[in-house]
Amino acid sequence: MTSVRRDESVRPTKRDEVAAAGSELIGGPIGRHALLGTSWLTPVRVIALVAIGMFALGMVQKLPCYNGGWFFGATSQYTHACYSDIPHLYAGRGFAEGLIPYFDRLPGDMEYLEYPVLTGVFMEVASWMTPHAGGIQQREQIYWLVNAGMLMICAAVIAVCVTRTHRRRPWDGLLVALAPAAALTATINWDLLAIALTAAGMLMWSRSRPLAAGVLIGLATAAKLYPVLLLGPLLVLCWRAGAWRAYRKAVAGALVSWLVVNLPVMITHDAAGFHIREGWAKFYTFSQERPIDFGSVWLLISQRTGNPLENANTYATLLMILGCGAIGLLALYAPRRPRFAQLAFLVVALFILTNKVYSPQYVLWLTPLAALARPRWRDFLIWQACEVMYFLGIWMYLAYTGNGDKHQGLPTEGYQLAIALHLLGTLYLCAVVVRDIWLPERDVVRRDGDDDPSGGVLDHSPDVFVLGRSHHQPRHAMQFEAAPRVRWGVVRE
């Protein structure tokens, strides 16, 4: 095993055989006599440019829909795999008529906007920048372009934040920038806003700024629900390290920023007093009442067994609770405190695997977390391949179910296989992350001499609370700092 100085950047072409092979496309691995740091093309700038380029390729992939698939022929947007919610919801959620989200009631079954407040603000700002003159098709096209431009900024922010989170591993950001499934799904919905805020929050935590991290996680939760899950891994890790002050700051920052965004929309007042606004609550009631839907393990079980699984909410909640408990025990029993990115990935992956629906763009939630938790090109690309297959599978299945000609598209059995591929790919990545936690000498980040570069105040901190004993020692003990002997939560000096 090659040692690396603490002040030396890790070069993936020297550590990763897939990265080394891929680098042959641009001249091969960097040589030992290369003059580093002499060009304006720093890793951050290169990765930001690559992320923007891949995002632009994803926009080009939507061209068949932009030119007509969204407007003429319901199934052509599926056969070309270029569907996006953005143009459809411009008219469908009242933005074309100038209705105000959460305050104005919408015509039809969906009475209010079913998105969290900060995402609603993002959608509204994009509608302000969309000219209200011209036909509805032209306005929907412009609305998509405006949103795509704003989301491109979010994509660049995500890539830059991941690049800077692990100081000695900047090139791991290329995993995010080059992720094919991310490019294909980036403009389906507005998820990149919450992901950018989450990535920025993790960057702030890695810089030992827990209050700023909490504020950003709170804002991310105001845009999408899943970022609040990151407070769970931080709880367990701060418990093990005794870093309660940092954790309290993070939670306080998250709560305050979430309330600042939500309270103006959440509370309404009339003669009877203060009430929760129905429009604000729509996102939460819709999520609760939504039946099992595309991509979920519950849909797979329901289709295979014929059981409608009316209690899927209960099953999903129980599995999520049990899974979080297992992750917490893993974190407290592990021979070495897990890295923050590892636990964050596991918790969000658990939420995705147990959820009632898996929309194709949910792969974006895991992409930056996967790059930080398991920065290994082979494993990352295996998972991405499974997600690309699912991306194609769901659109071909919708083409099959929405087309009278059953010779087009993917039948139910094929779509079930696509769901299974998505589930297995995600479970595979979870398995290697769990292995890295239990056998820290297998962790590629720690193998290069780091502890927890995304951990901030947790990085190189001693443990003060651990359950049980470490049942085995790392094979390369010289690579790891000595830990105090621990038995059932009591530190033995």
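Per residue of the range 256-267, what does 6.51 cos²θ - 1.76 cosθ + 1.60 with θ = phi - 60° give for ³J(HN,Hα)? Whole Hz please, x for Gly and Pro, Karplus curve as stated.
Once θ is set to phi - 60°, the couplings for the range 256-267 become 5, 5, 5, 5, 4, 6, 8, 4, x, 9, 6, 9 Hz.
Considering Cα pairs under 8 angstrom that are at least six residues apart, work out the relative contact order of the chain and quote it in whole percent. Walk me through the numbers on the way to the answer.
On the way: 767 pairs, mean separation 85.2, N = 493.
The value is 17 percent.
Please compute the alpha carbon radius of gyration of the range 123-209, then divide it by the globular-protein estimate 2.2 N^0.38 Å. Two decimals is fine.
Numbers: Rg = 15.7 Å, N = 87, 2.2 N^0.38 = 12.0 Å.
Computed over Cα atoms of the range 123-209, the ratio equals 1.31.
Nearest 500 deg cm²/dmol is fine: what mean residue ellipticity at 222 nm does the chain get from its DSSP H runs of n ≥ 4 alone, each adding -39,500 (n - 2.57), divided by its residue count? Walk me through the intermediate numbers first.
Details: 21 runs with 282 residues, N = 493.
Calculated from helices alone, the mean residue ellipticity at 222 nm is -18500 deg cm²/dmol.
Which of rounded, prolate, oblate describes the range 264-420, given a ≥ b ≥ c as roots of the alpha-carbon gyration tensor eigenvalues and a/c under 1.5 marking rounded, otherwise prolate only if a/b is larger than b/c? The partial results should precede the final answer.
Numbers: a/c = 1.82, a/b = 1.06, b/c = 1.73.
Note, shape of the range 264-420 comes out oblate.
Stokes-Einstein at 4 °C, 1.567 mPa s, Kirkwood radius from Cα pairs: D for the range 209-318 in µm² s⁻¹? The partial results should precede the final answer.
Numbers: Rh = 16.7 Å.
For the chosen part, D equals 77 µm²/s.
For the pair Asp463 and Ile52, how long in nm is the line joining their label points, each one 7 Å along Cα→Cβ?
Roughly 4.6 nm, to one decimal.
Could you tell me what fraction of 2.2 N^0.38 Å the Cα radius of gyration of the range 300-387 comes to, as a two-decimal ratio?
Values: Rg = 15.1 Å, N = 88, 2.2 N^0.38 = 12.1 Å.
My calculation over the Cα atoms of the range 300-387 gives 1.25.
Which whole number in µm²/s is D for the chain by Stokes-Einstein, with the Kirkwood Rh taken over Cα pairs at 4 °C and 1.567 mPa s? It would help to have the intermediate numbers written out before the result.
Working: Rh = 24.0 Å.
Calculated translational D: 54 µm²/s.
Order these peptides, 247-253, 106-112, 321-327, by their mean beta-carbon neighbour count within 10 angstrom, highest first. It would help to have the intermediate numbers written out before the result.
Working: 247-253: 20.1, 106-112: 13.3, 321-327: 14.9.
For the peptides 247-253, 106-112, 321-327, the packing ranking is 247-253, 321-327, 106-112.
Per residue and in Å³, how big is the convex hull formed by the alpha-carbon atoms of the range 173-264? Present the calculation step by step, with values, prior to reporting the outcome.
On the way: hull volume 8.9 nm³, N = 92.
Each residue corresponds to 97 Å³ of Cα convex hull volume.
Report the full-extension gain for the segment Ser208 to Ala21: residue separation times 0.36 nm, less the Cα-Cα distance, to one decimal in nm. Write out the running numbers ahead of the final one.
Numbers: separation 187, 0.36 × 187 = 67.32 nm, distance 3.59 nm.
Between Ser208 and Ala21, full extension yields 63.7 nm more.
Each label point is 7 Å from the Cα along the Cα-to-Cβ direction; what then is the distance between the points at Arg45 and Val125, in nm?
Taking the simple label geometry, Arg45 and Val125 are separated by 2.7 nm.
So which cysteines of the chain have no other cysteine's Cβ under 4.7 Å from theirs?
So far as the 4.7 Å Cβ criterion goes, Cys154, Cys161, Cys238, Cys324, Cys386, Cys430 stand without a partner in the chain.
Say each of Ile267 and Thr412 gets a label point 7 Å from the Cα, pointing the same way as Cα to Cβ; how far apart are those two points in nm?
5.0 nm
Readers should treat all values here as calculations from the given coordinates under stated rules, not as data from a laboratory. In this text the structure is predicted, and so the values were computed from the model without any measurement. Reconstructed Cβ throughout: ideal geometry from the backbone, glycine too, with neighbour counts over all protein chains shown.
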